Amino acid sequence: MTPAASIEPDAAVERDSEAWIIIPLYNEATVIGRVVDELLERFVHVVCIDDGSTDGSAAVAAAAGARVIRHPVNLGQGAALQTGLSYVTQKPEARYIVTFDADGQHRIEDADGMLRAAREHDVAIIFGSRFLDDRTKPGWLKKVILKTAVWVTNRTTGLRLTDAHNGLRVIRTDAASLIDLQQDRMAHATEIVHQLGKTKLPWEEYPVELLYTDYSKGKGQSVLNSVNILVDLLVR
């Protein structure tokens, strides 16, 4: 009997070198290593913007293979995202940027699908949406709050999204180069939608699943955080 040939599962997978992953990072030392490891199986370029972490997150991300840019103090997720966008848009080989959360709630399969849609449909922006199907279970109160945030965002940006505060996005670099975020905290999510809408470049939404673990809920996906997002939107 001829022994079966050994097949390396990752050997046939060509890593994407056009898409650069940007991860705003703040005190996620317990999970960021795994997140970076998994992303590097599929993507060549993973950039973490360490926003003044005090738990060694930057060292863990670097050890896992990410490029790390450090803010000496915590400036907020919007500021970290802008630092990443400014960094990657200066790279001539970069074609797409994927914004990805550090806490493990985003799926690499969804990022792959969004990039495939951006390429096949020739669109500049893909917004991930947890509300285009029923896989994500945010809970009724959080869902009401997030839907209210969508309503506010749509009224102020002119776009018609189903999910305004989803950190998983694909942005072509010509669109990303036009972003100049001034909102450092959670209101940046509405600001980026507004600025991308002003580009008049083609966009789509794509159904994604958010993984609400006990860890991610504790690190910022709680109902209280959703209330803070809404307050930030209304008073910005």
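Shape class of the stretch 156-205 from the Cα gyration tensor (axes a ≥ b ≥ c, square roots of the eigenvalues): rounded, since a/c falls below 1.5. In loop segments of the stretch 46-132 as defined by DSSP, the GluC sites (Glu not before Pro) with at most 16 further C-beta atoms inside 10 Å of their C-beta are Glu93.
Our analysis of the stretch 55-122 gives Rg over Rh at 0.99, with the two radii drawn from alpha carbon positions and Rh computed by the Kirkwood formula. Amide H contacts under 5 Å for Phe43: Asp16, restricted to partners 5 or more places along the chain or on a different chain, H placed in the peptide plane at 1.01 Å from N. Counting only heavy atoms of the protein chains and using a 1.4 Å probe, Asp122 has close to 100 Å² of accessible surface. Applying the Karplus relation 6.51 cos²θ - 1.76 cosθ + 1.60 with θ = phi - 60° to the stretch 84-94 yields 3J(HN,Hα) values of x, 4, 4, 5, 6, 5, 8, 8, x, 7, 7 Hz, where x marks Gly and Pro. On the accessible surface of the stretch 60-120, probed at 1.4 Å, how many percent belong to carbon and sulfur atoms? C and S atoms contribute 48 percent here. Placing +1 on the Cβ of every Lys and Arg and -1 on the Cβ of every Asp and Glu, with nothing else charged, gives the stretch 1-125 a dipole about its Cα centre of roughly 340 debye.
The values are calculated or read from the model by the stated rules, or taken from the named source; none is laboratory data. A quick note: this is a predicted structure, and the numbers were derived from the prediction, not measured. Heads up, the Cβs are rebuilt from the backbone with ideal geometry, glycines too, and the neighbour counts pull from every protein chain shown. The protein model used for the area step is the full one, side chains on, heavy atoms only, and it has no ligands, DNA or RNA in it. Shrake-Rupley method; radii C 1.70, N 1.55, O 1.52, S 1.80 Å.
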